[in-house]
Amino acid sequence: MTSTAPTLTPPARFAGLDGMRAIAVLLVVVYHLFPPALLPGGFVGVDVFFVISGFLITSLLLREQLSTGRVALGRFWQRRARRLLPALAVVVVVCSALAWIVGGDVLVDLDDQVLGAATFSYNWVSVAGGGGYFAAATPELFRNFWSLAVEEQFYVLWPLIFPLFLLLPRTWARSAAAFVLAAASAVWMGVAVSGGGDVTRAYFGTDTHAFGLLLGVGLAFLLAPLPSLQWAQSRAARDLTGTAGALALGGLVVLAMVPQSSSIATFPGALLAASLLGAVAIVAGVWPGSWFGRAIDVRPMRWIGDRSYGIYLWHWPLLVLAVAVFAPDATVASAPVWIGLGVLAATAAASALSFRYIETPVRRHGFRTSARLLAIRLQSGPGARLRAVGMALSAALVLAGAGTAIAVSPDETSAEAAVAAGRAALEKALREAPAPIAPTPSGTDAASPAAADITGDQISAVGDSVMLASAGGLVERLPGIDVDAEVSRSMWAGPDIVDDLDATGRLRPYVVVALGTNGAVDPSTLEQLTDTVGPKRNLVLVNAYAPRDWIPGVNAELAAFAEDHRNVIVADWSGAIAPHEDLLAGDRIHPGAAGGRIFADTVAAAVDELADERRAYAADRADRLAEILSADLTP
């Protein structure tokens, strides 16, 4: 295609695009609602949306330019506002009001989220706030709006840049320019991710994730003259493109079924592959006379495609709210299937109502005319005044709930608050601590019969964020305890930390390790811990409590290890906190102040029990030695 600028106006409606929208939104919805078994890579559907948007918007601009000789920017942006804002506003207001009713962590940073949605900058607001798309413990209520922000920024900027592309004299040059920019964006994402970079920044960034939109732009320029080309009408061309589209669609589904990683193989590898496959499917769908476009535009797929925008908007916040209400022990990444089915039904209903009563009227008539028609409808027929009053009251209540939710939204989750409180208590204890008492040397038996009750200055504690959240209880219950706890630690870090404490002379007679929350436990790691602790010290392993599938295995491993080692005992935090789950933060993992005291009591009880066992063992050994000596001295 080396012809000059096309002279044929692109069609107003393209075959296959509704079907492609349906496929894209289904990939994303299944990925979110039924994780992780069905489509662990289904988030690539977002990139298919980007290609569709880039293609469609550029085609619309080309049609207007060829028909009128110019692009009316005001009217273009007005049409985009009519299409996007009504459904967006309804979802934000309704789900914010529901979040206020639910309460808890679903309200965290809601004010910033609404600000990002209102200013088309949600992706950058989320990046600045440290939010991550793939973090499941405390997800943002409107996290899925990041992709809308990327598209909205494209809708604002692309019409301004579009005339510069028209200065290029040939179609292939315009397409090539767009494809080069797409390649640059993909490379930039790879650079951002390589070397352990920030995946969230790379994924959310408009600059690093614009390649799908730019592929769609290049595709629109490339296909603009397609209807005027005679060879494109041939049966061979239709069959070839249709087959390519079917293969591309199959490849897209296979890609969505493959678990993805946090490396450049996914960012941008899999995302770029999804974009290219989507581009091939779009070509096949819009090809003149294509059977592929008709095949994927069957009525059910068109129904979903027409409502795909609303489906995408509604499904995520409804999922977050449903998990908070009906499955508080789960996360959105481990929600039971029945939650997913319920949210799917609610999403279908909400998007259908929104499409019929809000999106379609505003798109056809505009904001003011739609409001006027609604007022006329409410005032006609019997009971008109009652309907109008009921509608006004309902709207006022929902708006009031949303406003209150935004006003009271906290800046941190209950888990973050618990960890921060524990850290503050620990820092205060360190400031007020008296001069440290030298620990018992490793060559001295720390559990001799003459030992007194175990006090905090005999204990070294190493842990993760659960121990850090419990630090206030530990320093209160066991004054002088040496706590070394940090967020996101696992048992793999334990041996090195304990070894460092030993090397610097800080390792005390009783070593408490609580590192089972963030992953599986390997027996070899526990053996390394006991080697460093040594036979003259004592090891207390705190088991874990969290709505994570590896926790039962961790606790079983710790219990079996303690059973086989004389100077090791398990502090049963899981059993102690299970009847008091209300003392945990919203993530059902981190204890508040009262829960921290239970943690401390559990540790203290385990330390005392182990000390008693060691004393009993020492006493029994002394008695046997006395018997042997007396027998030797007997004539």
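The values are calculated or read from the model by the stated rules, or taken from the named source; none is laboratory data. Bear in mind that the values here come from a model prediction, so they are computed numbers and not experimental data. Note that we place each Cβ from the backbone using ideal geometry, even for glycine, and neighbour counts take in every protein chain shown. Note: areas computed on protein heavy atoms with side chains; ligands, DNA, RNA excluded. Shrake-Rupley method; radii C 1.70, N 1.55, O 1.52, S 1.80 Å.
Some values worked out for this structure:
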item	result
Candidates ALA350, ALA330, filtered to the one that is more than 27 Å from VAL193 (Cβ to Cβ) and in a loop (DSSP other than H, G, I, E, B)	ALA330
In region 17-63, the residues that are among the charged types (D, E, K, R) and open to solvent by 30 Å² or more (accessible area, probe 1.4 Å)	ARG21, ARG63
Set ARG143, ARG75, ARG79, ARG63: member being within 28 Å of ALA322 (Cα to Cα) and either touching a strand residue (DSSP E or B) at 6+ places or on another chain (Cβ under 6 Å) or of a type in the set (Lys, Arg) (or both)	ARG143
Leading residue by the ranking (modelled with the lowest pLDDT) among those in region 580-617 that are touching a Pro at 6+ places or on another chain (Cβ under 8 Å) and β-branched (Val, Ile, Thr)	ILE589
Extreme residue, nearest to the chain's Cα centre (by Cα), among residues of region 62-113 that are not charged (D, E, K, R) and not in a helix (DSSP H, G or I)	VAL108
Every pair of residues 6+ apart whose Cβ atoms lie under 6 Å, when the first sits in region 52-77 and is among the hydrophobic types (A, V, I, L, M, F, W, C) while the second is open to solvent by 20 Å² or more (accessible area, probe 1.4 Å)	LEU61/VAL71; LEU66/THR9; VAL71/GLU64; VAL71/GLN65
Residue within region 270-286 that is over 30 Å from ALA232 (Cβ atoms) and out of contact with any strand residue (DSSP E or B) (no Cβ under 8 Å at 6 or more places or on another chain) present	yes
Any hit, region 95-117, residues being open to solvent by 40 Å² or more (accessible area, probe 1.4 Å), among the small types (Gly, Ala, Ser) and touching a Gly at 6+ places or on another chain (Cβ under 6 Å)	yes
Contacts under 8 angstrom Cβ, first residue in region 236-263 being closer than 21 Å to PRO36 by Cβ and at pLDDT 90 or above, partner open to solvent by 50 Å² or more (accessible area, probe 1.4 Å) and β-branched (Val, Ile, Thr), 6 or more apart	none
Single residue of ASP329, ASP306, ASP297 found to be acidic (Asp, Glu) and under 20 Å from the mean Cα position of the chain (by Cα)	ASP329
Unmet requirement for VAL44, which otherwise passes all of (1) under 22 Å from GLY366 (Cβ atoms); (2) part of a helix (DSSP H, G or I); (3) touching a residue at least 12 places away in the same chain (Cβ under 8 Å)	(1)
Residue within region 558-565 that is surrounded by fewer than 15 Cβ atoms within 10 Å (Cβ to Cβ) and at pLDDT below 95 present	yes
LEU107 within 22 Å of GLY586 (Cα to Cα) and either touching a strand residue (DSSP E or B) at 6+ places or on another chain (Cβ under 8 Å) or of a type in the set (A, V, I, L, M, F, W, C) (or both)	yes
Which listed residue, of SER175, SER147, is closer than 17 Å to LEU219 by Cα, among the hydroxyl-bearing types (Ser, Thr, Tyr) and either in a helix (DSSP H, G or I) or modelled with pLDDT under 95 (or both)	SER175
Given (1) surrounded by fewer than 22 Cβ atoms within 10 Å (Cβ to Cβ); (2) in contact (Cβ under 8 Å) with a residue 24 or more places away in the chain, number of the condition SER126 does not satisfy	(1)
Given (1) hydrophobic (A, V, I, L, M, F, W, C); (2) modelled with pLDDT of 95 or more; (3) open to solvent by 50 Å² or more (accessible area, probe 1.4 Å); (4) more than 26 Å from GLY74 (Cα to Cα), index of the condition PHE134 fails	(2)
Helices (runs of 4 or more DSSP H) contained entirely in region 218-315, each with at least 1 residues that are touching a Ser or Thr at 6+ places or on another chain (Cβ under 8 Å), more than 24 Å from PRO40 (Cβ to Cβ) and open to solvent by less than 40 Å² (accessible area, probe 1.4 Å)	235-256, 271-286, 291-296
Selected residue (only one of ASP582, ASP549, ASP564 is touching a residue at least 24 places away in the same chain (Cβ under 8 Å) and out of contact with any Lys or Arg (no Cβ under 6 Å at 6 or more places or on another chain))	ASP549
Check on PRO163, touching a strand residue (DSSP E or B) at 6+ places or on another chain (Cβ under 9 Å) and open to solvent by 10 Å² or more (accessible area, probe 1.4 Å)	no
